[in-house]
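For reference, the structure is listed below as structure tokens.
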Amino acid sequence: MSIAIQQLIYDTLIESGELGDLLASLTYSNGDVVPCVFNDLPQTDDESVYPCIVIDAVTSNQNDTDTTNGFDATVMIHTWSISPSNVIVSNIQDVTYSLLHRKKGGNVSGISCELTEILRDPDGISRHGVQRFRIFYEKVD
């Protein structure tokens, strides 16, 4: 279930042209160009992967009813920029919010944004945006 949720979020984010215009991109050997959306922050000195998004692990809780099996889950989405300004991260977070908040699909009955903040990284330059989304999921038996 957590992989399916991460896949839904990943697909939603990389398919957005508006978000793709704000993020750095990678070009694969087959010529495909995709926005920098990862499940872990690349450990590299290569600044060409910034700005980027990292979809963190999904944490879930049982949320059954008398008639339906389900759960609710949270996922943190991190936005990273090496710009000293909050503007880039804020713009990316705005688009991420518009793409995911109130989204439904498959077994996901709704997504709600619970938190958005921007932090200055300890390096004094980078910006780290954090968004927490709650996902309501109903299992189809």
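The values are calculated or read from the model by the stated rules, or taken from the named source; none is laboratory data. Since the structure is predicted, the reported quantities are computational estimates derived from the model, not experimental observations. Ideal geometry is used to build each Cβ from the backbone, glycine not excepted, and the neighbour counts take in all protein chains shown.
Evaluating ILE77 against the criteria (1) buried (at least 16 other Cβ atoms within 10 Å of the Cβ); (2) at pLDDT below 95; (3) in contact with a strand residue (DSSP E or B) (Cβ under 6 Å, 6 or more places away or on another chain) leaves one unmet condition, (2).
Yes or no, residue by residue, for (1) out of contact with any Leu (no Cβ under 8 Å at 6 or more places or on another chain); (2) polar (S, T, N, Q); (3) more than 22 Å from ILE125 (Cα to Cα):
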| site | (1), (2), (3) |
| --- | --- |
| HIS78 | no, no, no |
| ASN86 | yes, yes, no |
| ASN91 | no, yes, no |
| VAL95 | no, no, yes |
| ARG102 | yes, no, yes |
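Which one is surrounded by the most Cβ atoms within 10 Å (Cβ to Cβ), of the residues in region 80-125 that are basic (Lys, Arg) and within 30 Å of ASP64 (Cβ to Cβ)? It would help to see each step written out before you state the result.
Here is the first cut: in region 80-125, the residues basic (Lys, Arg) are 102-104, 120.
Okay, now just the ones that are also within 30 Å of ASP64 (Cβ to Cβ), so 102-104.
Working: ARG102: 10, LYS103: 16, LYS104: 10.
Looking at the filtered set, the residue picked out is LYS103.
Scoring ASP64 on the criteria (1) modelled with pLDDT under 90; (2) under 14 Å from the mean Cα position of the chain (by Cα) leaves a single failure, condition (2). Checking each residue in region 28-38 for being among the polar types (S, T, N, Q) and at pLDDT below 90 picks out only SER29.
Hey, among the residues in region 42-74 that are small (Gly, Ala, Ser) and within 23 Å of HIS101 (Cα to Cα), which one's surrounded by the fewest Cβ atoms within 10 Å (Cβ to Cβ)? Can you show your working first?
Taking region 42-74 as the starting set, the residues that turn out to be small (Gly, Ala, Ser) are 48, 57, 60, 70, 73.
From what's left, within 23 Å of HIS101 (Cα to Cα): 57, 60, 70, 73.
Numbers: ALA57: 12, SER60: 16, GLY70: 17, ALA73: 21.
Taking the candidates together, the pick is ALA57.
Of all residues in region 51-58, none are on the phi > 0 side of the Ramachandran plot and either touching a strand residue (DSSP E or B) at 6+ places or on another chain (Cβ under 6 Å) or not hydrophobic (A, V, I, L, M, F, W, C) (or both). Can you name every residue in region 1-26 that is modelled with pLDDT of 90 or more and part of a strand (DSSP E or B)? Passing the criteria: only SER25.
Of all residues being over 15 Å from the mean Cα position of the chain (by Cα) and within 20 Å of VAL89 (Cβ to Cβ) in region 20-41, which is surrounded by the fewest Cβ atoms within 10 Å (Cβ to Cβ)? Just the residue, please.
ASP21
Restricting to region 67-109, name every residue that is without any contact (Cβ under 8 Å) to a residue 60 or more places away in the chain and on the phi > 0 side of the Ramachandran plot. Show your work before the answer.
Step one: filter region 67-109 for residues without any contact (Cβ under 8 Å) to a residue 60 or more places away in the chain, giving 67, 76, 78-87, 89-90, 93-94, 97-98, 101-102, 104, 109.
Matches in region 67-109: ARG102 only.
Please work out if ASP45 is among the acidic types (Asp, Glu), within 19 Å of the chain's Cα centre (by Cα) and farther than 17 Å from TYR137 by Cβ. No, not satisfied.
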